[in-house]
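Down below is the structure, laid out as structure tokens.
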Amino acid sequence: MPIERQRAESQIVTTAQQHILEQQEMHFPDAGGTFSWLLSGITLATRMVQAKIRQAGLLDVLGSAGETNVQGETQQKLDVYANQALLQCLSLRDSVAVLVSEENEEPVTFDRAVQTGKYVIFFDPLDGSSNIDVNVSVGTIFSIFRGPAKLEGDIKSAVLQPGSKQVAAGYVVYGSSTILVYTAGRGVFGFTLDPAVGTYVLSHDNLRMPQQGNMYSVNEAQAHTFPEVYQKYLCRLRTGALGREYSSRYVGSLVADFHRTILKGGVFIYPPTKGYPNGKLRLLYEANPLAFIAEQAGGLATDGQRPITEIQPHEIHQRTPLVVGSRVEVEDFLHCLRNGTA
Ligand code: P6P
């Protein structure tokens, strides 16, 4: 093979933009470019956020912004920046009809012409932000639905859709490297940001979650307040009932814990607790997108009653218990639930 061709082939990289366009041409030919243009708004915002995070200690962007968000949580300065970056980048995409953010009490709507505004996007702009000051990985999570052609009257019916209606979902983990993971319903793909170029490059093609892992992820300090079936299930993991020894790994940053789980297998659990009887994690912009990604990668996600993606939401900031991970571990949990025994 001539040298030039060898060199060319060895240097072929696929950027997120190219990949999204290919996915769109293959599976959303009627999107007419709006879907890829929409996703480019998200990737742009995350590149802005990662640039701020990388300079956090130098730019006085650490620490509290002095406000609390709709969840009653103290907003970190980077929370505010990340939220503004996503709102700004996505508001410029005229295919966006509604934006729902963890940081905003009410949905943000846009009075688009009927034929343009068609997507409803949910996002947690900077999940795990309380970890920022101690340099622990944080993340952005997003979920995309189609909305009605025209938003009329109460828009909540447009936004309160079950996760099975998602057309795409993804997250960016700002860790030792910045990685975008997304699905548009035809597999899961990961892209690592090349900081020298400022471009996301395909690094995890058709990502599949191992059928079984050897790590479980839960806040052990709360275990005594978990419902009994969760405590019995954890005992099974700790005592080798699933045929192998498990290690406990818990970062306390959902995107970091989930990213490890999708790559290495195992299970992440946020059960009902004394402090959060309905679970702490939010359905629409945390559990739904991660559940969609997990299912597309061959895993499972449940709230203990039903698959996460089958929950009919009743409130945009509602919380849910979450058990998500490899098929073997989650099916064993469901078995414990059905039989009420470990
Ligand atoms: P706990 C971060 O605040 C977060 O919302 C998720 O990123 C994380 O998984 C969870 O809370 C950690 O909660 O109660 O274990 O500190």
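The values are calculated or read from the model by the stated rules, or taken from the named source; none is laboratory data. Here the structure is a predicted model, which is why all the values come from computation and not from measurement. In this analysis, Cβ positions are derived from the backbone assuming ideal geometry, glycine residues included, and neighbour counts consider all displayed protein chains. Accessible surface is based on the protein model in full, side chains and every heavy atom, while ligands, DNA and RNA are left aside. Shrake-Rupley method; radii C 1.70, N 1.55, O 1.52, S 1.80 Å.
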Seminar exercise, completed: Going through the stretch 322-342 in order, the residues found to be acidic (Asp, Glu) and buried (at least 17 other Cβ atoms within 10 Å of the Cβ) are Glu329, Asp332
Exercise. For the stretch 218-227, does any single residue satisfy the condition of being of a type in the set (A, V, I, L, M, F, W, C) and surrounded by fewer than 18 Cβ atoms within 10 Å (Cβ to Cβ)?
Worked result: yes
Problem set entry | Residue list for the stretch 123-140, restricted to those being open to solvent by 10 Å² or more (accessible area, probe 1.4 Å) and within 9 Å of the ligand (Cβ to nearest atom) | Asp127, Gly128, Ser129, Ser130, Asn131
Seminar exercise, completed: Of (1) over 18 Å from Ser137 (Cβ atoms); (2) open to solvent by less than 60 Å² (accessible area, probe 1.4 Å), Glu67 fails just (2)
For this session: Hey, could you check the stretch 296-329 for residues that are touching a residue at least 60 places away in the same chain (Cβ under 8 Å) and of a type in the set (A, V, I, L, M) and say which is nearest to Thr261 (Cα to Cα)?
Result: Val324
Exercise. Is there any pair linking a residue in the stretch 80-94 that is within 12 Å of Ile121 (Cα to Cα) to one that is assigned to a loop (DSSP other than H, G, I, E, B), with Cβ under 7 Å and at least six apart or on different chains, and which?
Worked result: Ser91/Phe110
For this session: Select the strands (runs of 3 or more DSSP E) contained entirely in the stretch 160-271, then report the ones holding at least 2 residues which are within 16 Å of the ligand (Cβ to nearest atom) and at pLDDT 95 or above.
Result: 168-174, 215-217, 267-270
Problem set entry | Check on Gly117, outside the structural domain of His259 (by TED's automatic domain parsing) and part of a strand (DSSP E or B) | no
For this session: Could you list, in sequence order, all residues of the stretch 33-52 that are open to solvent by less than 30 Å² (accessible area, probe 1.4 Å) and either in contact with an Asp or Glu (Cβ under 6 Å, 6 or more places away or on another chain) or not polar (S, T, N, Q) (or both)?
Result: Gly33, Phe35, Leu38, Leu39, Gly41, Ile42, Ala45, Val49
For this session: Determine, yes or no, whether Tyr276 is assigned to a helix (DSSP H, G or I), of a type in the set (Phe, Trp, Tyr), within 12 Å of the ligand (Cβ to nearest atom) and at negative phi.
Result: no
For this session: Would you confirm whether any residue within the stretch 141-148 is at pLDDT 85 or above, open to solvent by 60 Å² or more (accessible area, probe 1.4 Å) and under 21 Å from His317 (Cα atoms)?
Result: yes
Exercise. Considering the stretch 300-326 alone, what residues qualify as being touching a strand residue (DSSP E or B) at 6+ places or on another chain (Cβ under 6 Å) and closer than 22 Å to Leu242 by Cα?
Worked result: Ala301, Thr302, Asp303, Leu322, Val323, Val324, Gly325
For this session: Report yes if Leu290 is without any contact (Cβ under 8 Å) to a residue 60 or more places away in the chain and assigned to a helix (DSSP H, G or I), otherwise no.
Result: no
